[in-house]
Structure formats: structure tokens, C-alpha cells
Amino acid sequence: MNDLRHLLALARPWRLRMALGIALSVVVILSNVTLLALSGWFIASMALAGVGALTLEFFTPAAAIRGLAVLRTFARYLERLVTHDATLRLLSVLRVWFYQRLEPLAPARLQGFRDGDVLARLRTDIDSLDNFYLRILAPAIAGMISSIAILCVLFWFSPGVAVIDGVMLLLAGVIVPLVVASRTRASGHAVTGLRASIQAASTDLIRGLGELQVAGAVARQSRHLSLLSQKLIAAQRQQAWIGASGSALSALAGQLGMFCAFILLVSAGHAGAIAGNDIVMLLFAVLASTEAVAALPTAFAALGVTREAARRIFSMAELTPAVVLPSRSATPASFDLTFAAVTMRYAPEQPVVLDSLSFRVAQGQCLALLGPSGAGKTTILNLIQGFWDCDQGDVLIGDTPVRALSDEVLRQSISVVGQKTYLFNASIRDNLRLVAPDADDGTLWQALSQAALAEEVRAFPQGLDTLVGELGARLSGGQARRISIARAFLSHAPIVLLDEPTEGLDAANTEMVLKALKELVKGKTTLLVTHQIQPLILADSRLVLEG
Ligand SMILES: Nc1ncnc2c1ncn2[C@@H]1O[C@H](COP(=O)(O)OP(=O)(O)O)[C@@H](O)[C@H]1O
Ligand SMILES: [Mg+2]
């Protein structure tokens, strides 16, 4: 329940709207019950008046019936408007709130999660939370308030009927929904988990389709996916079954209540303790009062899903980032890079990756980092970018430790050209503007020509408007690498990190990339990680790490 309380705390800004929604629901339920009861009374009275057993002033009740019908419709409309508005507002803010919590977790804390799973939390799980206020909380509270009001009025007319109705409402509105909630807890848990697994497996299937095809494993992966779907369907079917059975039981309780009230009222009528038209009125009131709780059994069948979705969202949002950077900081006065006795391990139980490492790269110089795979070269680049923090020692830009720089200053100070360049499925122009949103085409062309890519882009029929495809599928590896170099030119960051910049490129591309990099690193503080010999022409000095 803690997670749901957490959700309510986030919803605080809309508590007035939410309360108004509940108040309107109460108006709807009460006007409906009154309408039905009054109509019953009115028809019975008219019949009695017709046989001369009663004189009736019928203008007032007829007007009241009309008024109640209008009130009910109007209140229902407003109630839908207000409750949906509050829910949608909450969901939109929740998504942004969650995204803002996720951002500082990347990349260090998110590496243990599958992409599809993160996506499922951001989309499906947050969507599931709409159930909470709209279908669970608001109807439960409105049902409770209305039930109490109905019982008070019934008690005034007939304590016996009030007791019968009270037992019925307790059964249909409290006991059955609670049983439904407890019986659907496990399947609700499963539904949420399976949805995330399906999303993760589909993401894998689509991303890795090429590899799966080559390995002849598409059918196996599809089978896996269809197995997950079948499990999901089974869990959802179970939920639907339990929810529907709960509804049926509630309805049955309502009918039984009606039946008992009928017997009681008829015997009271025989004894002359109550008039015929009042009997009809009370019976209709009992019948209508089931509406106050009718939706609860199926709503509570969704409680498990909602609760598990909330748990998944809050458990991720509560992770602490690997590094908490200040929100503001001054730009460092200079841009040399210093590692001062840096010791680092990724987790307390893992081995030391860097052991009291010290080195310095003067501003404008290029240091090549060499060493076997696993020696910690990428780790060094991660530390400089503020993705992780070291256990001992300091990583300094100028005189400032990286952990004292704001995210904004860090991103402006550093550009990275790595083995993998993430390209968005957008135009070349948009992919470049990522680092310089205001750059005009002239500036973009200049960066492309510095990155030795201008000629090729000019040869594309659509030039800068060429779409690069999903993950840059329509560009060669060398072209993608040069896009990231063009980005580095556009960003003007004084520190450049090169992580295997020519890895996987053919001779012609390697040559073009190196030519561009030579221009790029001029006057910039550069760290170059490489296994290859050719990039070493960029370096002023070398540091060999031991494995
Ligand atoms: N994100 C990570 N979480 C846990 N361990 C990691 C992580 N990244 C790297 N390591 C470990 O740290 C060591 C150094 O890795 P890395 O810096 O990538 O080496 P290099 O780039 O020199 O090949 C390796 O033993 C690797 O398994
Ligand atoms: Mg590496």
C-alpha cells in the first residue's frame, strides 16, 4: 500500500479536483436512488389515488422527479469531466516526473534493466495507474459516503430495512471487493510482469531481427513471445473471471437484500405499520442503492495490476543515481584533465578496476590510453563524463572535481567520438542539431566538411534532409562515425574523448576519420583510447594501463 500512498502524495496538487469528482459521484448516486425511490412512491400513490384510497397533490413530486432526472444527467457529465481531467493531469505529470527521475540514473543504474522493461514502466505501468483514482479510489469513497447517507434515510423510515440494506451493502461493497482483490493479487502481479517481459522480448526481436534471421532463430524467439502472450492471456482471463464472479455475487446480494426487505415490508404493511406507497418507495431505494457499490468488484480486480505497476515505478524512481551532480556550477577556468590517485570499483563486491591511478593531460594535448581489453580504459572515460564516481582520489577538469560540475557544464565541456554512435531515425540535419539546436545550414555544412562527410551528403538527393533510418541503418559505419565527428565540431567542447574511433572501419574510412580527427583535436584536451596503431598519430604522449 506504501506505493499507492506515494502515488497519492504525488497527486496532492489535484486533491481539490479529485475531491470534487468524488462529491459529484455522490450526487449522481444519491440523485439516482432518490429518483427511483420517489418514482416508485409516485406511481404507487397515483395507483392508490386512482382507486380513491388516497388524495394526492402530484405537482411537487412530478417536478421533483423531473428535477432529479436533470440533476443526475448533469452531475454524471460533470463527474466524468472532472475525474478524467484529474486522472489525465496526474498521468501526464507522473510520466514527466518519472522521466526526470530516470535521466540521472542513466547509464550507470539502468544497465541492469532491459530497454523494453524501462519502456514498459514508462508507458504501460504509468497507464495502469489511471485505474487507481478513476476506478478504485473515487468509486470506493463515493460508494461509502452514499451508502451511509442512504442508510441514514432508510433508518428514519424503517430501521429493519436499513439493517437489511446495510448488510447487503457491506457484502456487495466491502467483503466481495476485498475478496476479489485478494484473489486477483497474484494474477495482477503476473499481468504487470508479463506485459513488461513481452515488451522486452518484442524489443529484442525487432532490434535483433537481422542476427536472429542469420542464426535461424526467429521462430524460436517468436515461440518465446507467443508463450509469454499465452501466459498473459491466462492471467488476464483469471482476473476477468474473478472480477465477473464478484460482480455476480454483489448483484446476488442486492437481490437477496431486496427480497428480505420485501418480506419485512409486506408483513409490516399487513400489520398496518406502513403505507403501501412507502413500501414501494423503500423497495426501490434498496434496489437502487446497489448502484453505489456495483462497480467495486471489477474495479478491485484491477487493484493487483495497479499496485504492482506502482511498485515497479516507485522502486525504479527511488534508485539513487551513481553520481549526484550539482544543478549549477561555474565553468572550469581551464580544461586540463587530471586523475589524482583514482581508485575505482563498479560495486563494493567487485574487483578494483583502477588502483590509485594518476596522470595529467595538459590543455590542448592528446594522451593515448593503451592497454589490454578490460584494463579500464572505458572506465576512465566514464569517470570523466561523470557517469560514475571514483571511490578514492579525484578526477579533475582544470581545478574542479568532475562531481562538482553541473550536468550542463560537463556536457558543454566534453564531446565523445566512440565506436557506437547513436543516430536518431531523423534527418541528418536533426541528428547534427542535437548538439547545436540553433545552427543554420551553413554551419552544419561547415561541420560536415570538417568531418570529411560533406561530399557524400551533398551527393544524397535529399542532402541534409536525408533520413538516416532506424539507428542510422541507411549510413555506413564510417559515415555514422563521421556524423559523430561533425557533432563534436559543432559542439566546440574543449575536451574530446575518443573511444576506439577507427575500430571496425575499412582503410579508406579510417583515413578520412583520422584526417577529420586531426582537425578536431587541434587545441583540445584529448584522451584517445585505441587498440590500433594508426590513430596514434594524433597522440602527443601515451599511457599504458596494465590489465
Ligand atoms: N558498467 C560496468 N559495471 C560493472 N563492471 C564493469 C562495467 N564496465 C566495465 N566493468 C568492468 O571493469 C573492468 C574494466 O572495463 P573497461 O573499462 O570497459 O575496460 P577497457 O575499456 O579497457 O576494455 C572490466 O573488468 C569490466 O568487466
Ligand atoms: Mg573499452
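Read phi for every residue in the range 90-97 and hand back ³J(HN,Hα) as whole Hz from Karplus 6.51 cos²θ - 1.76 cosθ + 1.60, θ = phi - 60°, with x for Gly and Pro.
Calculated HN-Hα couplings, in order: 4, 4, 5, 5, 4, 4, 5, 4 Hz.
Treating the angle as unsigned and between 0 and 90°, give the value, to the nearest 10°, between the Cα long axis of helix 138-157 and the longest Cα principal axis of the chain.
Roughly 10 degrees, rounded to the nearest 10.
How tilted is helix 303-317 with respect to the longest principal axis of the chain? Cα atoms for both, answer in degrees (0 to 90, nearest 10).
30 degrees
For A368, enumerate residues with amide H under 5 Å from its amide H, sequence gap 5+ or separate chain, H modeled in the peptide plane.
Long-range HN contacts for A368: L528, D540, S541, R542, L543.
In the chain, with Lys and Arg counted as +1 and Asp and Glu as -1 at Cβ, which of these residues, L122, G173, F284, has the Cα nearest the positive end of the dipole, that is, farthest along it?
F284
Before anything else, pin down the relative contact order of the range 337-544: Cα pairs under 8 Å, at least 6 apart, normalised by residue count, whole percent.
In percent, rounded to a whole number, it is 29.
Any idea what % of Cα-Cα pairs in the chain are farther than 37 Å?
When all Cα pairs of the chain are counted, 53 percent exceed 37 Å.
With θ set to phi - 60°, apply the Karplus curve 6.51 cos²θ - 1.76 cosθ + 1.60 along the range 277-287 and write out the HN-Hα couplings as whole Hz, x wherever there is a Gly or Pro.
In residue order, the calculated couplings are 5, 5, 4, 4, 4, 5, 4, 5, 5, 4, 4 Hz.
Rounded to the nearest 0.05, what FRET efficiency is calculated for I233 and E57 with R0 set to 56 Å and r the Cβ-Cβ distance?
Computed FRET efficiency for I233 and E57 comes out at 0.40.
Which Cα, out of A340, A451, A404, lies furthest along the positive dipole direction of the range 337-544 (beta carbon charges, K/R +1, D/E -1)?
The residue sitting most towards the positive pole is A451.
Where in the chain lies the longest segment free of GluC sites (Glu not before Pro) that are both loop residues by DSSP (not H, G, I, E, B) and have at most 10 other Cβ atoms within 10 Å?
Segment 58-317 is the longest.
Can you send over the carbon and sulfur percentage of the accessible area for the chain, probe radius 1.4 Å, protein chains only?
C and S fraction of accessible area: 61 percent.
Name the residue from I537, A375, L490 whose Cα lies farthest towards the positive end of the charge dipole of the range 337-544, charges +1 on Cβ of Lys and Arg and -1 on Cβ of Asp and Glu.
Among I537, A375, L490, the one farthest towards the positive end of the dipole of the range 337-544 is I537.
Would you kindly state the longest site-free stretch of the chain, with sites defined as trypsin sites (Lys or Arg not before Pro) in a DSSP loop (not H, G, I, E, B) surrounded by at most 12 other Cβ atoms within 10 Å? Show your work: numbers first, answer last.
Values: sites that count: R328, K522.
Looking at the chain, 1-327 is the longest stretch - no exposed trypsin sites (Lys or Arg not before Pro) with at most 12 other Cβ atoms within 10 Å.
Using Stokes-Einstein with the Kirkwood hydrodynamic radius over Cα pairs, what translational diffusion coefficient do you get for the range 337-544 at 25 °C and a viscosity of 0.890 mPa s, in µm²/s rounded to a whole number?
D = 139 µm²/s.
Excluding residues on the same chain fewer than 8 positions from K420, give the lysines whose Cα lies under 25 Å from its Cα.
Straight-distance partners of K420: K377, K515, K518, K522, K524.
For a label point 7 angstrom out from the Cα of Q534 toward its Cβ, which stretches of the range 470-502 have the backbone nitrogen within less than 16 Å?
476-483, 485, 499-502
Rounded to the nearest 20 Debye, what is the dipole magnitude of the chain about its Cα centre when Lys and Arg each give +1 and Asp and Glu each give -1 at the C-beta?
Using only the charged Cβ atoms, the result is roughly 900 debye.
Can you put S267, S327 in order of accessible area, largest first, using a 1.4 Å probe?
Of S267, S327, the descending order of accessible area is S327, S267.
With the other protein chains left in place, how much accessible area per residue, in square angstrom, belongs to the chain at a 1.4 angstrom probe?
Heavy-atom accessible area per residue stands at 50 Å².
Tally the DSSP beta bridges in the range 337-544 and give the antiparallel ones as a percent, rounded to 5. Working shown, then result.
Details: 13 of 30 bridges.
Among the beta bridges of the range 337-544, antiparallel pairing accounts for roughly 45 percent.
Compute the long axis of helix 159-170 from its Cα atoms, compare it with the longest principal axis of the Cα atoms of the chain, and write down the angle in degrees, 0 to 90, nearest 10.
On a 0 to 90 degree scale, this one is about 20.
The values are calculated or read from the model by the stated rules, or taken from the named source; none is laboratory data. Predicted model, so just to flag it, every value in this text is computed and none were measured. We place every Cβ from the backbone using ideal geometry, glycine too, and count neighbours over all the protein chains shown. The area values use the complete protein model at the heavy-atom level, side chains included, leaving out ligands, DNA and RNA. Shrake-Rupley method; radii C 1.70, N 1.55, O 1.52, S 1.80 Å.
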